[in-house]
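The values are calculated or read from the model by the stated rules, or taken from the named source; none is laboratory data. Please read all numbers here as calculations on a predicted model, not as lab measurements. As a convention, Cβ positions derive from the backbone with ideal geometry for all residues, glycine included, and neighbour counts pool all protein chains shown. These accessible areas exclude ligands, DNA and RNA; they are computed on the full protein's heavy atoms, side chains included. Shrake-Rupley method; radii C 1.70, N 1.55, O 1.52, S 1.80 Å.
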Amino acid sequence: MTVSVDARLEAVVTRDRLIVVTALTAVIALSWAYLVTGAGMGMSAFEMTRMSQLGMAGGMSEGGMACMAMMTPVVWTLGYAVLMFFMWWVMMVAMMLPSAAPMILLFATVNRKQRETGHPHVATSIFAVGYLAAWAGFSLIAVILQWGFAQTGILSPMLVGTNVIFGGVLLLAAGIYQLTPIKHACLRHCRSPLAFLSTHWRRGARGALRMGLVHGAFCVGCCWCLMGLLFFGGVMNLYWIAGLALFVLFEKTVPAGHWIGYATGVALLVWGAGILALAF
């Protein structure tokens, strides 16, 4: 009888884990599909990637300036701002949800054990919504910055930086932040799902939403400056989007992830300093 009960319990746990994994995979796949098809911007991400590379390769040369001159300036309306918000938010879902998957799966497991001891069931999606809400807040700030950069002319209509000094400063800022204590304090929370849940666990739906928000806030604190590098490489440049997503995944999941963070900080400092030295 005990063996039968244990087998049924294991089957339930396996089924729940499969549901969560399937849901995460579907959301991530749909997010990447939305980005690849252009995020509602009228051309595919592949075309925007080529335009971003052309602008960066041309730089301030005659060819690069001609390319920039052919681009129609964007008129910022409420509709366009909303489109940009969803572009950023879906991009963050595509880039960050894979690295958050271990935390979400662990939450589902712990939540299942809580239900077995008589506590009310809480849908794992509530925790995930809280996590994504934190990145929605980041996306709103990113849109405001994008508007400001576009108004000053340092961000092209193809959403790539047009100023060498601007690019160098972005690289330096990201490099410095990669070496700061606050960056690595946030990274520790992201790298230790069990420690996070044991410290921040709250019961009920409101508690799950709060935990998701807090974990999302730690992830934003860990990665916001890296995401800012999209203004350097091109907001819709697929190479930069995929590269940063893989980097975040490695930094948060591989055993030497914190050392990868330090090494990347030094590399970004050297890169940024080199760009600024050539600019002056």
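Of (1) open to solvent by 60 Å² or more (accessible area, probe 1.4 Å); (2) at pLDDT below 95, W89 satisfies all except one. Which? Every condition holds for W89 apart from (2).
Tell me, which helices (runs of 4 or more DSSP H) wholly within the range 170-228 include 1 or more residues that are under 15 Å from the mean Cα position of the chain (by Cα)?
Numbers: elements: 181-191, 193-200, 204-228.
Result: 181-191, 204-228.
Against the test of being within 17 Å of L269 (Cα to Cα) and modelled with pLDDT of 95 or more, the options L179, L213 yield a single qualifying residue, L179.
Among the numbered conditions (1) closer than 21 Å to L244 by Cα; (2) open to solvent by 20 Å² or more (accessible area, probe 1.4 Å); (3) touching a strand residue (DSSP E or B) at 6+ places or on another chain (Cβ under 9 Å), the only one that G167 does not meet is (2). All told, L155 falls short of being touching a helix residue (DSSP H, G or I) at 6+ places or on another chain (Cβ under 6 Å), within 30 Å of T49 (Cα to Cα) and surrounded by fewer than 19 Cβ atoms within 10 Å (Cβ to Cβ). Which is open to solvent by 10 Å² or more (accessible area, probe 1.4 Å) and free of Cβ contacts under 8 Å to residues at least 24 places away in the same chain, of I144, I182, I126? Of I144, I182, I126, the one residue that is open to solvent by 10 Å² or more (accessible area, probe 1.4 Å) and free of Cβ contacts under 8 Å to residues at least 24 places away in the same chain is I144.
Condition check for A195 on (1) in contact (Cβ under 8 Å) with a residue 24 or more places away in the chain; (2) closer than 17 Å to S99 by Cβ; (3) open to solvent by 40 Å² or more (accessible area, probe 1.4 Å); (4) not aromatic (F, W, Y): one failure, at (1).
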